[in-house]
1. Let me know the Rg and Dmax you get for region 78-146 when you use only its Cα atoms, in Å.
2. Net charge around V146, counting only other residues with Cβ within less than 11 Å of its Cβ (Lys, Arg = +1; Asp, Glu = -1)?
3. Volume per residue, Å³, of the convex hull around the alpha-carbon atoms of region 1-82?
4. Determine the sum of side-chain charges near D82: Lys and Arg each +1, Asp and Glu each -1, restricted to other residues whose C-beta is under 10 angstrom from that of D82.
5. If each DSSP helix of 4+ residues adds -39,500 (n - 2.57) and the sum is divided by the residues in the chain, what number results at 222 nm, nearest 500 deg cm²/dmol?
6. Tell me, what is the percent relative contact order of the chain, built from C-alpha pairs under 8 Å that lie six or more residues apart?
7. Based on alpha-carbon centroids, what's the gap between region 75-148 and region 11-54 in Å, whole number please?
8. For the residue pair Q38 and T132, what label-to-label distance in nm results when each label sits 7 Å from Cα along the Cα-to-beta-carbon direction?
Amino acid sequence: MLLSKVKAPKGANKKMKRVGRGESSGHGKTSTRGGKGQTARSGNSKPRLGFEGGQTQLWRRLPKRGFKNVLAKKWVTVNVKDLNVFEAGATVDALTLSEKGLIKGSFDGVRVLGDGELKKKLTVKAWGFTATAKEKIEKAGGTVEVLAK
């Protein structure tokens with residue numbers, strides 16, 4: 001193989017499109033930019049998301065309702081019946097709950113609710129317990145640890 005005989009594969013080298021070089025070139029007059037308007041101007045970039053050409057945007061025309069507290073804590077709940085997936089004598093906390101897939105996403109704390117029955121002795125650590133949940137865990141021989149908020 002000679003280096004003088006090596007060629008680029010077909011389609012690797014494309015001829016540059018020369019625009020604005022007269023009508024007969026096929027890329028004259030508007031130079032492939034179409035007619036008038038925002039996208040025909042120099043430096044035209046895609047307008048920002050939600051921009052409607054100067055018309056009041058849809059999100060500003062719609063009525064605003066309610067209040068969203070950005071400082072509110074997000075609590076995730078787990079029922080007592082869901083804790084039966086753990087083996088007896090295990091320590092249950094937020095990390096072990098997420099490993100088992102019982103809780104997902106970001107949250108500020110875990111609260112245990114009293115729905116269902118617990119059949120195993122567990123040590124449960126959470127930020128909150130309902131009275132029935134606490135009663136059912138202790139009835140099964142387990143212990144409850146309330147974490148600081």
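1. 10.7, 31
2. So the environment of V146 carries a net charge of +3.
3. Spelled out: Cα convex hull of region 1-82, divided by residues, is 401 Å³.
4. +1
5. -3000 deg cm²/dmol
6. Values: 179 pairs, mean separation 23.8, N = 149.
So the answer I get is 16 percent.
7. So the two Cα centres are separated by 62 Å.
8. About 5.6 nm separates the two model spin labels.
Each value in this text was obtained by applying a stated rule to the coordinates, not by laboratory testing. Note that this is a predicted model, so its numbers are computed, not measured. Please note: Cβ atoms are built from the backbone with ideal geometry, for glycine as well, and neighbour counts cover all protein chains shown.
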